[in-house]
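The values are calculated or read from the model by the stated rules, or taken from the named source; none is laboratory data. Since we're looking at a predicted model, the values are computed, not measured. Ideal geometry is used to build each Cβ from the backbone, glycine not excepted, and the neighbour counts take in all protein chains shown. Note: areas computed on protein heavy atoms with side chains; ligands, DNA, RNA excluded. Shrake-Rupley method; radii C 1.70, N 1.55, O 1.52, S 1.80 Å.
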Amino acid sequence: MRNKLIVFDYSGTLSLEAVSFSRSDNLLRQLRTSGLFALGVDSTGLFWKIINESWIKGSTTPAGYKTIMQECIYKLLPEKTRTAEPEISRAVSGFVDAYLDCSRIDDSWRGILEKLSQNNFVQVVIATDHYAEATEAIIAHLGKWNITAAVLADNVRNNFVVANSAGIGWHKDKQQFWQAVKDALPFDYTRVLLIDDFGRNEQTGDSYGNITKVDKRRQETINMLQLMFTADIEAVSFILSDKDPGRLIAETSAMIERFLSE
């Protein structure tokens, strides 16, 4: 029986490349490579305006990153809508594909994730506030390590599950998100380990990483887990700051090992 539940965040926790992709220097390079820069998305400020204004719709509906990004560009750059619509569509598609491809799981997580995938006494949920396309991308990244994961769905039997806000319709700090997770999982859990950066590792242009929002998100997420699972909750704040990522992952992996052995 799986009586232990481990909940991982994705961007900024399992995937550090997802955050690195949006560094100013790399972001400008990706905007140029995709063609978006030449089409009018020619600054990081404009890019973050597009992301921040479309985030709620993008992360709580199945519309997808590509669709909502196109819609926002058309809204902010209306003069481009009639003259460059096909070019914008291609550029957005290339940009998003590059982002999802780069959003791989850090290699330092491989050992502990492989061990968890072979442990029938623990349930792993990758819980993420993300765009719809991210679900299959995460499953594909895990698959490269021969770790089989499934989309959150009723009566799921896989011990690795991806729960995405875009598929559920609510963010992780809302009760409805965790209710959907609990309803889909096959067992009751007495111990829960939460590993999350709570948005703190996001790039500075992304309002999601605002420190006030991070603290609020952390407490609300813990409260929701306690309410839903009526279990002992242990929360690990995966905050990089100036720490070496490999070392932080090793330390966190050791915490997971202890959690499994208790």
Does the range 50-89 hold any residues that are assigned to a helix (DSSP H, G or I) and aliphatic (A, V, I, L, M), and which are they? ILE50, ILE51, ILE56, ILE68, MET69, ILE73, LEU76, ILE88
Output the residues belonging to the range 143-152 that are more than 25 Å from GLN226 (Cβ to Cβ) and assigned to a loop (DSSP other than H, G, I, E, B). LYS144, TRP145, ASN146, ILE147, THR148, ALA149
Hey, can you tell me all the residues within the range 141-158 that are buried (at least 16 other Cβ atoms within 10 Å of the Cβ), touching a helix residue (DSSP H, G or I) at 6+ places or on another chain (Cβ under 7 Å) and closer than 21 Å to ASP106 by Cβ? ILE147, ALA149
Being touching a residue at least 24 places away in the same chain (Cβ under 8 Å) and assigned to a helix (DSSP H, G or I) is the filter; apply it to the range 113-138 and report the residue that is surrounded by the fewest Cβ atoms within 10 Å (Cβ to Cβ). GLU114
Every residue in the range 90-112 that is touching a residue at least 40 places away in the same chain (Cβ under 8 Å), under 19 Å from VAL162 (Cβ atoms) and either in a helix (DSSP H, G or I) or open to solvent by 50 Å² or more (accessible area, probe 1.4 Å) (or both), please. TYR99, CYS102, ARG104, TRP109, ILE112
Within the group ASP232, ASP244, which residue is under 19 Å from LEU5 (Cβ atoms), open to solvent by 50 Å² or more (accessible area, probe 1.4 Å) and of a type in the set (D, E, K, R)? ASP232
Would you call ALA163 open to solvent by less than 10 Å² (accessible area, probe 1.4 Å) and out of contact with any Phe, Trp or Tyr (no Cβ under 6 Å at 6 or more places or on another chain)? yes
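Table: residues versus (1) under 30 Å from TYR189 (Cα atoms); (2) in a loop (DSSP other than H, G, I, E, B); (3) open to solvent by 20 Å² or more (accessible area, probe 1.4 Å).
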| residue | (1), (2), (3) |
| --- | --- |
| ARG2 | yes, yes, yes |
| ILE6 | yes, no, no |
| LEU27 | no, no, no |
| THR33 | no, no, yes |
| LEU39 | no, yes, yes |
Among the residues listed as GLN179, GLN219, GLN175, GLN226, the single one being over 21 Å from GLN123 (Cα atoms), open to solvent by 10 Å² or more (accessible area, probe 1.4 Å) and of a type in the set (S, T, N, Q): GLN219
Within the range 153-176, track down each residue that is in a loop (DSSP other than H, G, I, E, B) and at pLDDT 85 or above. ALA153, ASN158, ASN159, GLY169, TRP170, HIS171, LYS172, LYS174
In the range 56-89, which residues are basic (Lys, Arg), surrounded by fewer than 15 Cβ atoms within 10 Å (Cβ to Cβ) and either in contact with a strand residue (DSSP E or B) (Cβ under 7 Å, 6 or more places away or on another chain) or farther than 30 Å from ASP173 by Cβ (or both)? ARG82
